[in-house]
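Peer 1: The structure's right below; bear with me while I get my questions together.
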Amino acid sequence: HYADRVVLAAGAWSSVLAEPLGLQLPMFPVKGQCISVRTEAPLIRSTVFTKGCYIVPKRDGSCIIGATQVEAGFDKKVSPRIVGELHEKAAALLPRMADAEFVETWAGLRPGTEDGLPFLGTWDGAPGLIIATGHYRNGILLAPVTGRIVADLALGRSGGIELSAFSPARAQRLRAGAATN
């Protein structure tokens with residue numbers, strides 16, 4: 001398939017896809033495990049957050065409890081020990097969570113970057129390539145503004161947002177800095 005513009009927004013896998021183009025994005029996957037539970041009656045109406053645990057109520061009456069952050073490569077296996085620890089933390093915050101019905105568990109991979117900033121913009125080494133990746137834990141929060149930026153770039157509009165701090169070209173500087181440390 002050929003296109004005038006291609007968006008690379010493959011999360012933790014973006015660096016693997018960019019490498020054949022000659023762009024080495026210093027990124028790494030960070031595993032986050034979550035569980036979903038349901039209580040007989042809703043316990044909360046908005047997110048509860050504390051160190052090491054958050055609880056997010058959903059419209060269907062379930063709650064998401066999360067999440068861990070472990071650099072474990074591309075391993076998406078769920079650990080029963082971690083699931084138990086997350087449940088214990090949630091029950092410490094909301095004691096009625098101790099009797100919640102288990103719904104499901106999963107692990108996702110967040111795209112981390114060495115400097116904590118996403119890669120967002122174009123790269124001279126591949127004209128027509130727009131990169132939008134590396135948002136780590138904030139991908140869902142930054143999705144609306146990232147989408148607007150990507151649309152502006154694809155349509156050749158400036159958008160009025162300064163992107164130099166997020167430039168994919170900084171990858172070379174990050175690698176050079178890591179090599180000297």
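Peer 1: Can we say T146 is of a type in the set (V, I, T), surrounded by 18 or more Cβ atoms within 10 Å (Cβ to Cβ) and under 20 Å from Y54 (Cβ atoms)? Show your work before the answer.
Peer 2: Numbers: of a type in the set (V, I, T): yes; surrounded by 18 or more Cβ atoms within 10 Å (Cβ to Cβ): yes; under 20 Å from Y54 (Cβ atoms): no.
No; evaluated as a whole, the condition is false for this residue.
Peer 1: While we're here: Taking the range 5-45, which residues are assigned to a loop (DSSP other than H, G, I, E, B), open to solvent by 60 Å² or more (accessible area, probe 1.4 Å) and touching a helix residue (DSSP H, G or I) at 6+ places or on another chain (Cβ under 9 Å)?
Peer 2: R5, A9, Q24, E40 - these are the residues of the range 5-45 that are assigned to a loop (DSSP other than H, G, I, E, B), open to solvent by 60 Å² or more (accessible area, probe 1.4 Å) and touching a helix residue (DSSP H, G or I) at 6+ places or on another chain (Cβ under 9 Å).
Yes or no, residue by residue, for (1) more than 19 Å from E85 (Cβ to Cβ); (2) touching a Cys at 6+ places or on another chain (Cβ under 6 Å); (3) free of Cβ contacts under 8 Å to residues at least 12 places away in the same chain:
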residue: V6; (1), (2), (3): yes, no, no
residue: A12; (1), (2), (3): yes, no, no
residue: P20; (1), (2), (3): yes, no, yes
residue: M27; (1), (2), (3): yes, no, no
residue: I35; (1), (2), (3): no, no, no
residue: F49; (1), (2), (3): no, no, yes
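Peer 1: When you look at P57, is it buried (at least 17 other Cβ atoms within 10 Å of the Cβ) and under 18 Å from the mean Cα position of the chain (by Cα), yes or no?
Peer 2: Details: buried (at least 17 other Cβ atoms within 10 Å of the Cβ): yes; under 18 Å from the mean Cα position of the chain (by Cα): no.
Against the criterion (buried (at least 17 other Cβ atoms within 10 Å of the Cβ) and under 18 Å from the mean Cα position of the chain (by Cα)), P57 does not qualify.
The values are calculated or read from the model by the stated rules, or taken from the named source; none is laboratory data. Quick caveat, the model's predicted, so the values are computed rather than measured. Glycine gets a Cβ as well: all are built from the backbone with ideal geometry, and neighbour counts include every protein chain shown. Just so you know, the surface numbers come from the protein's heavy atoms only, side chains and all, with ligands and any DNA or RNA stripped out. Shrake-Rupley method; radii C 1.70, N 1.55, O 1.52, S 1.80 Å.
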